[in-house]
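The values are calculated or read from the model by the stated rules, or taken from the named source; none is laboratory data. Quick caveat, the model's predicted, so the values are computed rather than measured. Neighbour counts are summed over all protein chains in view; Cβ atoms, including those assigned to glycine, are modelled from backbone coordinates with ideal geometry.
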Amino acid sequence: MAYQALYRQWRPRDFSHMVGQEAIVETLRHQVETGRIPHAYLFCGSRGTGKTSAAKILARAINCKHPKNGDPCGECETCRQMQSEDTLDIIEMDAASNRGSEDARTLRESVKYPPQYGKYKVYIVDEVHMLTKEAFNALLKTLEEPPAHIVFILATTEPQQLPATILSRCQRFDFGRIPAGQIMGRLREAADGAGAEATDGALMAIAKASEGGMRDALSILDMCIGYGQKVDEALVQNVLGTSDRAFLFRFSQALASENAADTLRLIDEMMRNGKEPAAFTRSVSDHLRTLLMAKCCGKEIAEVLDLSDATAEEYIRASEQISVSRMMEMLDQFMRLETDLRYYASPRIGLENTSLKCCLRTKEADTLALNDRIAELENQMSDLRDQLAKGVRLPANENAGGAQDRKGNGPAAARISAPKAESPRTLTPTGRGADETWKEGLRQLQKTEPSIHGMLQMGQYQGSDGTTFKWKANPGFEIIVQSLNSPERKSKIEEALTAAAGIQSSFLAVDRLQEARENAEASDEEYMREIYDTFGREPVSVVEKLPDA
């Protein structure tokens, strides 16, 4: 007997063997049990999510003489007849190759003939969005008022391309992408059935690469088994042309540290290993996306992306070394490269060019990169102020070693680095300092309000006067300030800070423009005080006296 592909071997024969789509399965079963069968169905969803399989199962179930819990029994004469490929009661059509008006008229003429064995004659039209406008018009009347023995099941990946007149005459079911965990379970059954030894890591890599499509996942597993009966992560990466996680961490670290030499060396290593630039670009985009989600979601990323705790911790540690704006810019660059790479005469040059843009950040018009540099400088200045406040002497500038300041008070560098008395540390009733209180409040928000915690990661804590905690948005994220200052979110932040401090605390979010205005107002007030101290607050008359001739 000829070999049959895994996705055909494991095509479900009844609703109980379908993976995912639980709500759709329950609805279809109930319709079979109650006999409430509409004359037209529309199954929508991405490829490999079970549309055609569900259509075939439904076609057999509504004709079965003894259905069991909405499933075809598989034992009666009708079921046996309909399982054969030559039955005339279930007609499958490919609208991509039968898309003209003449094909629709032929279908319209054939619906008048009754079924041979069962109660219904079922037409399964796949990729129905490929029909021409004329074909839809020819089919419309039949679809609106078909004979009692006819059921249409239309399947498509592009429901938005169907005319509204067709959509309004069908019961629509949207098939979602199948979760990676459920795909992995079916892959385990298929691997065991084929006598292959597959690791959990390899099956999860296949499940993620399939992007929610069971057929793609089984096809990839089929290719891997073709290499040998032992399937591990290295084999899956070789089949898919992707890079392993350790290599991607090294590559992202080279980009983050702006090490152009390491970046180009890693690209050369990737090319020598036989990887394709297009596949590598997709891997980098997915890796940067995971790092960005780790930065915003914290430990919840393990549940969101079906990662092990160890892998989630690895991504969280790596994300701490890169700012959010920098990761967003790099992700944007590689996502654009995914689209543009097909037009490059040399894909490697395109990959190297994009990588150097991310690494060196040389694009002058790149606002995010410029804002990111400003944020880094502000952080450095903040660190310097903290060191001065603690009395740490900064090294003098050698080039300005003996330079006097404008008032002749000795070297300017020495005057700047003069230690200041350390300000007393303010403790809250809980015994925590302001910084510890802020960190504890963040930990509580991460558990109770992860979305607010993710927004706070896009800015910097600016300090507290004991009861008011100030936070400033990073450049490029000023829009978050208004959201955090909204009464609902602000009250939740203040509740967490109050619990951490043991005293009623308030929260204030600002951006750079607000801070600049406050500093300007403070400077104006200081300037006016100096004027008043010099000349007094009374009006002053200035009289110009000319010298005697």
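Miscellaneous remarks
- Flag for S84 being of a type in the set (S, T, N, Q) and either crowded, with 21+ Cβ neighbours inside 10 Å or under 40 Å from the mean Cα position of the chain (by Cα) (or both): no
- Answer from K275, K295, K299 - the residue that is at negative phi and not in a helix (DSSP H, G or I): K275
- Only residues that are out of contact with any helix residue (DSSP H, G or I) (no Cβ under 7 Å at 6 or more places or on another chain) and either modelled with pLDDT under 90 or farther than 16 Å from C358 by Cα (or both) were counted across the stretch 262-278, and they come to 7.
- E269 in the same structural domain as R326 (by TED's automatic domain parsing) and either surrounded by fewer than 16 Cβ atoms within 10 Å (Cβ to Cβ) or part of a loop (DSSP other than H, G, I, E, B) (or both): yes
- Checklist (1) in contact (Cβ under 8 Å) with a residue 40 or more places away in the chain; (2) in a helix (DSSP H, G or I); (3) surrounded by fewer than 17 Cβ atoms within 10 Å (Cβ to Cβ) applied to G74, failing item: (2)
- Candidates are the residues of the stretch 461-488 that are in contact with a strand residue (DSSP E or B) (Cβ under 9 Å, 6 or more places away or on another chain) and in a helix (DSSP H, G or I); the one that is nearest to Q446 (Cα to Cα) is L484.
- Within the stretch 325-335, not a single residue is part of a helix (DSSP H, G or I) and either modelled with pLDDT under 70 or loosely packed, with under 12 Cβ neighbours inside 10 Å (or both).
- Here R282 meets each of (1) part of a helix (DSSP H, G or I); (2) at pLDDT below 85 with one exception, condition (2).
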